[in-house]
Amino acid sequence: GDSVTQMEGPVTLSEEAFLTINCTYTATGYPSLFWYVQYPGEGLQLLLKATKADDKGSNKGFEATYRKETTSFHLEKGSVQVSDSAVYFCALSRLTGGGNKLTFGTGTQLKVEL
Amino acid sequence: DTGVSQNPRHKITKRGQNVTFRCDPISEHNRLYWYRQTLGQGPEFLTYFQNEAQLEKSRLLSDRFSAERPKGSFSTLEIQRTEQGDSAMYLCASSLDPRYEQYFGPGTRLTVT
């Protein structure tokens, strides 16, 4: 079945540091890929998405590229801020044969310190 | 835009009791999904509806769980004879169409004592 593997946290960075959170997936067909973010005390929010190979999703300075050859969708940001502290979830969905339900990774907690 | 709402936000119940949660999706969203999230894990799919039709149920959804969406608007998730292992955050999400983004509600946190 479908699965998503992402790096374990917590990841602790200083403000303005470069961020990478690794995500790899296993799925049949051509899934869409997502990064969701969960800020403390809040619900899940879509951060960015990519629907086909080589697409780059970007939002709020974050970006991720859909790499079919390596089945990866790593999240990057050039300069993190304290306000980026949250839990980040990589996810996939398949419209065909999958009902478009989301399959999530276990989440990676990011802590950004001054 | 009122977003997806869920009630109650927190529920504490004793083992063996029945509980019911409600989800109100964004108006005109045809798809409604339920997920469960335990501490330190990502959300796991439970079931989804297209309008009032329940199209898929995960094997995680035992016979004690039932979900409905009677008029294709709000949905309820009932757990009968709760067990401690049912303690989790129950999340609801809706989308206009399967091709579009799922919007999540704040969740209902269930604690079974």
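Read the figures in this text as sums done on the coordinates, not as results from a lab. A quick note: this is a predicted structure, and the numbers were derived from the prediction, not measured. Cβ placement follows ideal geometry from the backbone for every residue including glycine, while neighbour counts extend to all protein chains displayed.
Residues in the stretch A:82-94 that are surrounded by 15 or more Cβ atoms within 10 Å (Cβ to Cβ) and either out of contact with any Gly (no Cβ under 8 Å at 6 or more places or on another chain) or among the aliphatic types (A, V, I, L, M) (or both): A:ASP84, A:SER85, A:ALA86, A:VAL87, A:ALA91, A:LEU92, A:SER93.
When the stretch A:70-93 is filtered for residues that are assigned to a loop (DSSP other than H, G, I, E, B) and either facing chain B (nearest Cβ under 10 Å) or among the β-branched types (Val, Ile, Thr) (or both), the ones remaining, listed by number, are A:THR70, A:THR71, A:VAL80.
Might you check whether a residue that is within 12 Å of chain A (Cβ to nearest Cβ), over 14 Å from B:ARG22 (Cβ atoms), within 14 Å of the chain's Cα centre (by Cα) and touching a residue at least 12 places away in the same chain (Cβ under 8 Å) occurs anywhere in the stretch B:81-88? Scanning the stretch B:81-88, I find no residue that is within 12 Å of chain A (Cβ to nearest Cβ), over 14 Å from B:ARG22 (Cβ atoms), within 14 Å of the chain's Cα centre (by Cα) and touching a residue at least 12 places away in the same chain (Cβ under 8 Å), so the answer is no. Within the stretch A:1-17, the set of residues being in contact with a strand residue (DSSP E or B) (Cβ under 7 Å, 6 or more places away or on another chain), part of a loop (DSSP other than H, G, I, E, B) and closer than 21 Å to A:THR65 by Cβ comprises A:ASP2, A:MET7. Of all residues in the stretch B:1-56, those that are over 15 Å from B:SER75 (Cα atoms), outside any strand (DSSP E or B) and of a type outside the set (D, E, K, R) total 10. Would you confirm, using the coordinates I've provided, whether B:ARG109 is in a strand (DSSP E or B), within 15 Å of the chain's Cα centre (by Cα) and closer than 21 Å to B:THR2 by Cα? So B:ARG109 passes the test. State all residues of the stretch A:35-47 that are in contact (Cβ under 8 Å) with a residue 24 or more places away in the chain and in contact with a Phe, Trp or Tyr (Cβ under 8 Å, 6 or more places away or on another chain); if no residue qualifies, say none. Answer for the stretch A:35-47, where residues must be in contact (Cβ under 8 Å) with a residue 24 or more places away in the chain and in contact with a Phe, Trp or Tyr (Cβ under 8 Å, 6 or more places away or on another chain): A:TRP35, A:TYR36, A:VAL37, A:GLN38, A:LEU44, A:LEU47.
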